[in-house]
1. Among the listed residues A:K665, A:K637, A:K608, identify the single one that is open to solvent by 30 Å² or more (accessible area, probe 1.4 Å), out of contact with any Phe, Trp or Tyr (no Cβ under 8 Å at 6 or more places or on another chain) and of a type in the set (K, R).
2. Among all residue pairs at least 6 apart or on different chains, which show Cβ distances below 9 Å where the first residue, located in the range A:128-143, is assigned to a loop (DSSP other than H, G, I, E, B) and the second is basic (K, R) and within 16 Å of the ligand (Cβ to nearest atom)?
3. Of all helices (runs of 4 or more DSSP H) completely enclosed by the range A:307-407, which ones contain at least 1 residues that are within 16 Å of the ligand (Cβ to nearest atom) and within 14 Å of chain B (Cβ to nearest Cβ)?
4. Select, from A:A199, A:A214, the only residue that is assigned to a loop (DSSP other than H, G, I, E, B) and of a type in the set (A, V, I, L, M, F, W, C).
5. Please state which one of B:D116, B:D95, B:D100 is under 30 Å from B:Q205 (Cα atoms), at pLDDT 75 or above and not hydrophobic (A, V, I, L, M, F, W, C).
6. Take the residues of the range A:442-480 that are out of contact with any Gly (no Cβ under 8 Å at 6 or more places or on another chain) and either basic (K, R) or closer than 30 Å to A:T16 by Cβ (or both): which is nearest to the ligand (Cβ to nearest atom)?
7. Looking at the range A:229-257, which of its residues are more than 14 Å from every other protein chain (Cβ to nearest Cβ) and either at pLDDT 90 or above or open to solvent by less than 20 Å² (accessible area, probe 1.4 Å) (or both)?
8. Just to be sure I understand, how many residues within the range A:96-117 are open to solvent by less than 10 Å² (accessible area, probe 1.4 Å), within 16 Å of the ligand (Cβ to nearest atom) and farther than 24 Å from A:I43 by Cα?
Amino acid sequence: MKMIALAGNPNAGKTTVFNGLTGTRQHVGNYPGVTVEIKKGVIKKTDFALVDLPGIYSLTPYSEEERVARNMLWKENPDLIVNVVDSSNLERNLYLTLQLMEFGIPVVLNLNMQDLALAKGWKIDTKKLSQTMGLPVVETVGHKNKGFDELIKSVKVALGASQRVSQTAHFSDSVNRALDILEKKLSKENASGASRWLALKLLEGDPDIEQEIANAEIKQTARELVNDLEREHNKEIETLLAEQRYKYIEGVFLQCVSSKLSFKKPLSSKIDAIVLNKYAGIPIFLIMMYLVFQLTFTVGEPMMGWVESAFAWLGDLIASFWPEGSESLLKSLLVDGIIGGVGGVLVFLPNILLLFLAISILEDSGYMARAAFIMDRLMNKIGLHGKSFIPMLIGFGCSVPAIMATRTLDNRRDRLVTMLVVPLMSCGARLPIYTLIIPAFFPSKWHAPMLWLIYIIGILLAIISAKLMRVTIFKGETVPFMMELPPYHFPSLKGTLIHMWDRGKLYLQKAGTLILGLSILLWALSTFPMLSKERIEEYDAQRETIVQSELADSLQAIQLSALDNLQAEESVEYSAAGRLGKFIEPVIVPMGFDWRIGTSLVGAFAAKEVFVSTLGVVYSVGDADEESESLRSKLKKNYDPLIAFCIMLFSLISAPCMATIAVTKRESNSWKWAMFQLIGLTLLAYFITVAVYQIGRLAGL
Amino acid sequence: MSEMVLSKSLEDYLEVIYHIVVVEQAAKAKDIAQKMQVKASSVTGALRQLAERDLVNYSPYDQITLTRKGMEVAQDVVRRHEVLKDFLIKVLSIDESEADSVACQMEHAVTTEIIDRFTKFIEFVERCPRAGDSWIKGFDYYCGEKPQADYCRKCITQTVENFETNLKSGDEMNESTVRLNQVKPGSRVKITTNKLSGVTARRFQEMGLTIGSIVKVERVAPLGDPVEIIVKGYNLSLRKEDLDKIEGILLED
Ligand SMILES: Nc1nc2c(ncn2[C@@H]2O[C@H](COP(=O)(O)OP(=O)(O)O)[C@@H](O)[C@H]2O)c(=O)[nH]1
């Protein structure tokens with residue numbers, strides 16, 4: 001089976017071309033150990049495999065994307081490269097084309113975004129371009145599905161005639177002479193046929209390639225040749241090569257592109273004059289962000305409600321197959337474990353789809369880059385990228401879509417740092433914990449300041465941790481900030497929906513299964529081991545006595561539910577979760593916590609708001625929510641304001657819920673970072689809370 | 001770019017169209033005929049030839065504009081004209097109207113390389129301490145009457161004195177360079193030096209910010225950083241800390 005690689009600059013329309021060529025037959029995977037995704041598919045009506053490389057500007061190995069792309073070309077040796085190019089930005093795009101040609105794998109040049117080039121007043125002479133550069137050239141308009149048949153045809157022709165020659169004619173004679181010398185030496189050692197490309201990489205001083213070449217003599221020769229070239233041209237070799245590539249491109253451009261003089265300002269720059277205006281820019285940005293947040297959560301909320309009630313209904317339906325009051329294990333597994341778990345997965349879906357609807361619109365229209373342009377100064381101070389703003393903002397709603405939103409960040413370091421600190425943005429699910437606790441322990445005029453304090457602590461910790469990570473684990477990895485501001489265009493409905501669905505599907509397939517597994521595990525933790533048969537029989541006997549008694553029905557009901565609550569408390573205490581709570585009690589005592597809080601914290605790992613209901617169970621007040629007064633009075637009896645504050649603090653900082661961990665695992669493509677997040681945040685929470693509690697006690701609070 | 005040979009009269013047409021287009025944005029055949037002092041019918045013929053060479057966008061009854069290629073050729077012709085005129089006036093002290101009409105004749109015969117030499121030479125005459133304005137004036141004088149030996153001695157000592165005082169006042173020969181982060185939005189800069197290092201330096205080059213490329217500073221972000229620039233026809237935003245390490249010459253428009 002022939003393999004074809006799809007390469008191109010970010011935003012050249014690669015995804016669109018990929019979808020156009022493959023139809024729907026594709027599958028997304030990751031390369032081991034990297035966050036970069038690789039899509040694979042089969043070209044329509046052929047048996048050619050199509051591999052989508054990450055969007056890159058160059059083939060030098062200075063970012064993860066580039067290294068993945070280059071290694072894929074180098075190690076997997078595709079038969080052909082289709083280079084998707086944004087025709088309206090030809091010069092910069094052709095830089096990568098030259099590098100692909102240097103590689104030696106035959107290249108088909110795909111001039112996408114023809115419509116934009118025409119709108120710019122450019123007429124590209126494709127025949128001449130093809131002759132000058134020595135490549136087949138095919139024009140397409142991706143989002144209109146125009147030109148894909150021709151592209152496939154030309155791929156077929158090119159595959160038939162494919163011949164591997166590394167092309168370096170765009171370099172000066174002196175560079176080519178140096179390449180000749182190195183190539184000759186290398187081809188004796190290395191039979192792969194890529195000697196000329198290897199020679200070029202040796203001249204460029206590519207560290208990966210230098211490692212690959214064992215022969216010290218060749219490397220010595222390369223160094224001497226570089227010295228000669230640098231002396232001759234009086235500049236560094238990389239500069240020299242980059243300049244020669246661009247010189248050549250300039251020539252190609254002048255010969256092959258004729259443009260009508262246009263005196264009109266492009267529409268994009270008119271829009272930018274308003275959108276990036278010194279005074280109007282920030283208000284417009286804030287309005288946009290407000291809209292994104294509203295769309296994601298306010299519109300999403302009723303949908304989440306539907307999902308929840310649908311699953312509650314389903315749960316009731318299934319429960320109704322068993323006689324009332326039955327304690328069947330299968331029922332509990334089905335209703336609480338599986339249906340609860342699937343519901344817990346799907347409940348995030350509306351948020352994720354809506355957020356990615358918003359993000360696709362922002363990205364496809366070109367506003368995303370502007371938003372980052374506006375916020376970059378602020379985010380840079382924190383050690384993050386302008387584009388980190390949206391994930392951080394969404395984090396106040398829910399960490400799960402927020403972590404998925406870090407996809408908009410192009411480089412690994414920014415993406416990982418953002419992902420790791422997003423859980424510190426206090427999410428909506430933690431709010432029930434605060435609303436339960438604050439009124440129970442603090443006078444009403446403190447309510448609002450208290451809530452603010454919690455949120456601000458989260459933000460400050462996020463800033464500090466981001467900075468810390470930048471100077472510790474992510475030191476050295478400096479990637480310069482260079483962000484393209486693409487021209488605005490109207491997002492296409494189809495493209496937007498495809499992006500949205502891609503993300504939703506990915507979440508369900510990859511993170512969803514993990515979340516489901518974890519929720520069944522947590523169900524098991526709070527179910528097993530079950531109370532002994534005798535204890536259950538004792539409870540049943542007590543029930544029987546109440547029912548048989550002479551008491552009025554209403555009193556009977558009260559006693560029965562009190563008994564239910566007691567039994568629920570005892571089962572939880574007896575279960576693994578309860579034992580875990582007790583087991584960790586000595587560890588959490590320095591924070592002022594007892595086993596009940598410990599058990600609730602175990603529950604909170606399923607979802608933060610579960611903390612409240614678990615606390616309700618262990619205080620045998622039954623089904624409690626954040627407005628439950630009976631739970632508040634029990635809490636007031638057992639704890640004081642300092643402990644209450646510590647509970648909130650710990651919930652804010654500590655291990656995010658399992659869905660967050662699952663999504664982090666999925667998005668970073670490694671358990672390492674997911675565990676780092678889990679353990680790091682829990683330790684951070686622990687030390688801070690212990691410090692606050694101990695100092696508070698010393699201060700006599 | 002392949003050199004194109006254009007007849008003298010076609011170059012004249014291109015030059016005239018260029019001058020009209022710069023002011024009016026598009027030219028009409030009638031205006032061209034008037035400026036060239038020829039009949040409208042001969043203009044049509046010439047325009048057709050220019051259109052065939054892909055230098056102008058032309059169809060009968062329509063407005064005429066220059067193609068990108070045409071623009072470059074026209075600019076080249078105009079530049080040759082200006083350089084020659086400059087040389088005639090500044091170095092040979094010919095008066096302006098005569099210089100203009102002679103330059104018109106010469107511009108078609110002189111190659112680009114010779115023009116470059118001319119430019120350099122004018123620059124050299126203007127800058128070299130041993131030449132300069134007063135030296136040119138000496139040439140005027142020379143054309144009038146025979147100089148005397150002690151005039152020359154005086155001239156040399158004067159030159160040395162002037163050179164010394166100029167050095168002290170810091171008037172050096174270098175062109176003044178600016179750092180890219182200090183350029184006002186709307187200005188264009190030709191990059192001359194790149195003091196960045198490592199990956200950042202490479203990245204800048206790969207994105208098209210090579211030495212010699214022309215960059216337009218478009219705007220500064222509302223919060224004061226980063227900066228949006230246009231390079232190679234696309235918009236790119238960069239942080240000031242990096243732009244600080246890039247220098248260039250301000251271009252006047
Ligand atoms: N005007 C125009 N837009 C296009 C064309 N091809 C793709 N697009 C749009 O460009 C945007 C970016 O495309 P995408 O495929 O996501 O780019 P990628 O980043 O290279 O994968 C999307 O909004 C597409 O709808 C084209 O030929 N012309």
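1. None of the others qualify; the one that does is A:K637.
2. Cβ pairs passing all conditions: A:T140/A:K146.
3. On the way: elements: A:329-332, A:340-346, A:349-365, A:367-381, A:389-395, A:399-405.
Hits in the range A:307-407: A:367-381.
4. Unique residue meeting the criteria: A:A214.
5. Result of the check over B:D116, B:D95, B:D100: B:D116.
6. That would be A:V479.
7. Initially, the range A:229-257 is screened for residues more than 14 Å from every other protein chain (Cβ to nearest Cβ), giving A:229-232.
A:L229 - this is the single residue of the range A:229-257 that is more than 14 Å from every other protein chain (Cβ to nearest Cβ) and either at pLDDT 90 or above or open to solvent by less than 20 Å² (accessible area, probe 1.4 Å) (or both).
8. 1
The values are calculated or read from the model by the stated rules, or taken from the named source; none is laboratory data. Because the structure is predicted, anything quoted here is derived from the model rather than measured. Every residue, glycine among them, receives a Cβ derived from its backbone with ideal geometry; neighbour counts consider all protein chains shown. Calculation scope for accessible area: heavy atoms of the full protein, side chains included, ligands and nucleic acids excluded. Shrake-Rupley method; radii C 1.70, N 1.55, O 1.52, S 1.80 Å.
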